[in-house]
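To start, the structure itself, in structure tokens.
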Amino acid sequence: MPDTERPHRAAPHRRAGSQVLVALLVGGLAFAMTVQVRQDDATDYGSLRGVELVELLKSVDVANERLAGQIDELTATRDRLRASRGNAAEAEDVARQRAEELAVLAGSVGATGPGVRLTVSDPDGLVDAGLVLDVLQELREAGAEAIVVNDTARVVAQTYVLDDEQGLRIGGRQVSSPYVFDVIGDPSTLEESITFRGGVRDLLQARGAQAAVARRSTITITALADVRTPEYARPDVGAP
């Protein structure tokens, strides 16, 4: 890429790069706006105590505030890039930052940050793939940004969980009890999603498993997700 460019004229490939980046940011903004807190129709919230309802509402408020902040940040970045009309240096910086963030979400790089450790003991082998999927979904809804199970199975959007003859398999990695979920995200919100009535801990205990959660100031995840090359999907780089 050239170090300089002619005044009042952006190089065509730089304009294209900025347009692609704006398209990606708009797509990310649309995704963030569609994320919402899932409510299980089978849960009887009328049976919750007042203090439990307060904790549940606090976790919902935290999630909403986090999403609102992400929307504001993406909107400001999109508007700044559009106004810059081909400012290649700024576009490159934003693109690099977004690439690093997306790499964490895709599980193609390691990750570190605060979070919680959830340890699940299942001596009778009653925890199955469906229950693990429910646990992972609850953690994601609580704002989990990176998850690994037993230090080997990195969990991303495409990770599958299934039961086979050897036991439980997560993303192609065989795991066994005790299951240790290291989760990076807001420790308070994650802990509340696990411990409030009807949350992760109750789901596990209903199956005869025992769950313990502890906050961690720093969690380091080194396991990487298995990379799959898309067979049918292709990037949509059309500019808005």
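Worth a mention:
- Point-to-point label distance, S176-D164, nm (Cα→Cβ direction, 7 Å offset): 1.5 nm
- Distance in nm between pseudo-label sites at T229 and D79 (7 Å out along the Cβ direction from Cα): 4.2 nm
- With all protein chains kept in place, the per residue accessible area of the stretch 146-189 amounts to 42 square angstrom at a probe of 1.4 angstrom.
- With the highest mean first, a sort of the peptides 217-228, 142-153, 103-114 on other beta-carbon atoms found within 10 angstrom per residue produces 142-153, 103-114, 217-228.
- The slack between I71 and A206, meaning 0.36 nm per residue of separation minus the straight C-alpha distance, is 44.9 nm.
- On the beta carbon distance between S188 and L133, with R0 = 25 Å, the FRET formula returns roughly 0.55.
The values are calculated or read from the model by the stated rules, or taken from the named source; none is laboratory data. Bear in mind that the values here come from a model prediction, so they are computed numbers and not experimental data. Please note: Cβ atoms are built from the backbone with ideal geometry, for glycine as well, and neighbour counts cover all protein chains shown. These accessible areas exclude ligands, DNA and RNA; they are computed on the full protein's heavy atoms, side chains included. Shrake-Rupley method; radii C 1.70, N 1.55, O 1.52, S 1.80 Å.
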